[in-house]
Amino acid sequence: MAMRQSVIVVHDDPKSISSEAFRMLRTNLQYTSPDKELRSLIVTSAGAGEGKSTVSSNLAAAMAQSGIETCIVGCDVRKSTLHHIFGVPNAPGLTSVLVGQAKLEDAILKTRVPGVSVLPSGPIPPNPSELLQSKTMKEVISDLKEKFEFLILDTPPVVAVADTLLLSRQVDGMILVVAANMVPKDVLLHAKALIDRANANLLGVVLNRVRAEDQRGYQYYYYYSSDE
């Protein structure tokens with residue numbers, strides 16, 4: 001039986017405005033660290049439902065389109081989403097590897113997007129924080145960095161649990177996804193304070209769910225992206 005999958009706009013509709021926005025995000029990230037190559041990244045959000053997993057998946061597709069072999073890891077083990085987006089099984093996954101029930105190479109799956117592999121989150125464990133903070137998790141991230149040119153960790157919302165901030169020490173940077181007109185200002189400020197306190201390398205904010213028709217200037221993109 002085929003797995004349910006979501007639209008990955010960079011792959012499924014590459015000429016769309018959204019696809020171009022993700023390619024611009026890819027380019028901007030590549031210029032954020034002129035003195036150090038950016039090879040690993042956390043994508044998180046302040047709260048739930050802001051679209052961080054969608055951003056993670058499309059950024060992975062954009063990276064792969066530029067010839068960069070990319071792996072995206074489902075670190076939001078309490079609320080797994082990536083397997084739905086890519087239409088792959090959720091087990092074995094990251095938690096299976098962390099508890100010794102699967103080998104890493106058996107849990108990494110190729111996706112329908114060329115150049116993108118996914119390590120789904122796996123079954124929900126009774127002790128997610130302990131697993132994500134374990135020595136084995138550090139070893140998994142280290143192994144993935146050797147296997148792939150670019151690594152994206154799709155992590156839990158930064159305000160909800162401490163997992164994301166602890167994982168931030170093992171990657172080159174972090175981006176915060178913010179859904180437009182959804183998250184209260186005080187929640188965003190709290191998220192920023194937590195990130196600063198952890199000395200995480202916040203590279204920037206991605207404003208998500210902005211309606212293109214409300215933004216002046218998109219007409220120029222429509223003009224230059226036309227086939228005529």
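The values are calculated or read from the model by the stated rules, or taken from the named source; none is laboratory data. Everything numeric in this text was worked out from a predicted model, so none of it was measured. With ideal geometry, Cβ positions are generated from the backbone for all residues, glycine too; neighbour counts draw on all protein chains shown.
Report every pair of residues separated by at least 6 positions or lying on different chains whose Cβ atoms are under 7 Å apart, first residue within the range 44-68 and more than 17 Å from Met24 (Cβ to Cβ), second of a type in the set (Ser, Thr, Tyr).
Thr44/Thr155; Thr44/Thr164; Lys52/Thr44; Lys52/Ser45; Ser53/Thr81
In the range 201-218, which residue that is within 22 Å of Thr54 (Cβ to Cβ) and at pLDDT 85 or above is surrounded by the most Cβ atoms within 10 Å (Cβ to Cβ)?
Top of the filtered list is Val206.
Can you tell me which residue is surrounded by the most Cβ atoms within 10 Å (Cβ to Cβ) among those in the range 132-166 that are of a type in the set (Ser, Thr, Tyr) and in a loop (DSSP other than H, G, I, E, B)?
Quick first cut of the range 132-166, residues of a type in the set (Ser, Thr, Tyr) only: 134, 136, 142, 155, 164.
Adding the requirement that they be in a loop (DSSP other than H, G, I, E, B) leaves 134, 155.
Numbers: Ser134: 14, Thr155: 28.
Applying the filter and picking the extreme gives Thr155.
Which members of the range 105-131 meet the condition of being assigned to a strand (DSSP E or B), more than 23 Å from Val177 (Cα to Cα) and either of a type in the set (A, V, I, L, M) or touching a Gly at 6+ places or on another chain (Cβ under 9 Å) (or both)?
Residue satisfying the conditions is Leu109 alone.
Select from the range 45-99 the residues that are part of a helix (DSSP H, G or I) and within 11 Å of Pro120 (Cα to Cα) and list them in ascending order.
Hits for the range 45-99 are Leu82, His83, His84, Ile85, Phe86, Leu94, Thr95, Ser96, Val97.
Yes/no matrix, rows are residues, columns are (1) farther than 16 Å from Asn208 by Cα; (2) of a type in the set (Lys, Arg); (3) surrounded by 13 or more Cβ atoms within 10 Å (Cβ to Cβ):
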{"position": "Gln5", "(1), (2), (3)": "yes, no, yes"}
{"position": "Val10", "(1), (2), (3)": "no, no, yes"}
{"position": "Met24", "(1), (2), (3)": "no, no, no"}
{"position": "Thr27", "(1), (2), (3)": "yes, no, no"}
{"position": "Val43", "(1), (2), (3)": "no, no, yes"}
{"position": "Thr54", "(1), (2), (3)": "no, no, yes"}
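Hey, any hits in the range 23-43 for a residue that's touching a helix residue (DSSP H, G or I) at 6+ places or on another chain (Cβ under 8 Å), outside any helix (DSSP H, G or I), of a type in the set (Gly, Ala, Ser) and at pLDDT below 95?
No, the range 23-43 has no match at all.
Applying the selection to the range 88-114, what residues are within 17 Å of the chain's Cα centre (by Cα) and of a type in the set (A, V, I, L, M)?
Val88, Leu94, Ile108, Leu109, Val113
Among the residues of the range 169-182 satisfying the criterion of being in contact with a helix residue (DSSP H, G or I) (Cβ under 8 Å, 6 or more places away or on another chain) and farther than 14 Å from Ser56 by Cβ, which is surrounded by the fewest Cβ atoms within 10 Å (Cβ to Cβ)?
Gln170
Just to be sure before I move on: is Leu144 touching a helix residue (DSSP H, G or I) at 6+ places or on another chain (Cβ under 9 Å), without any contact (Cβ under 8 Å) to a residue 60 or more places away in the chain and among the aliphatic types (A, V, I, L, M) in the structure I sent? Spell out how you get there, then give the answer.
Values: touching a helix residue (DSSP H, G or I) at 6+ places or on another chain (Cβ under 9 Å): yes; without any contact (Cβ under 8 Å) to a residue 60 or more places away in the chain: no; among the aliphatic types (A, V, I, L, M): yes.
It is false that Leu144 is touching a helix residue (DSSP H, G or I) at 6+ places or on another chain (Cβ under 9 Å), without any contact (Cβ under 8 Å) to a residue 60 or more places away in the chain and among the aliphatic types (A, V, I, L, M).
Could you tell me which numbered condition Arg112 fails, if it satisfies all but one of (1) touching a residue at least 60 places away in the same chain (Cβ under 8 Å); (2) closer than 22 Å to Gly47 by Cα; (3) surrounded by fewer than 14 Cβ atoms within 10 Å (Cβ to Cβ)?
It is condition (2) that Arg112 fails.
Give the residue, chosen from Ile85, Ile17, that is under 17 Å from the mean Cα position of the chain (by Cα) and either touching a residue at least 24 places away in the same chain (Cβ under 8 Å) or surrounded by fewer than 18 Cβ atoms within 10 Å (Cβ to Cβ) (or both).
Ile85
Got at least one residue in the range 63-72 being crowded, with 21+ Cβ neighbours inside 10 Å, under 14 Å from the mean Cα position of the chain (by Cα) and within 21 Å of Ser134 (Cα to Cα)? First the steps, then the outcome.
Within the range 63-72, the first condition is being crowded, with 21+ Cβ neighbours inside 10 Å, and the residues that meet it are 63-64, 70-72.
This time we only want the ones that are under 14 Å from the mean Cα position of the chain (by Cα), so: 63-64, 70-72.
Add one more test, that the residue is within 21 Å of Ser134 (Cα to Cα), and what stays is 71-72.
Yes; the residues of the range 63-72 include at least one that is crowded, with 21+ Cβ neighbours inside 10 Å, under 14 Å from the mean Cα position of the chain (by Cα) and within 21 Å of Ser134 (Cα to Cα).
Looking at (1) of a type outside the set (Phe, Trp, Tyr); (2) modelled with pLDDT of 90 or more; (3) more than 17 Å from Phe148 (Cβ to Cβ), which is the only condition Ser6 fails?
All conditions pass for Ser6, except number (2).
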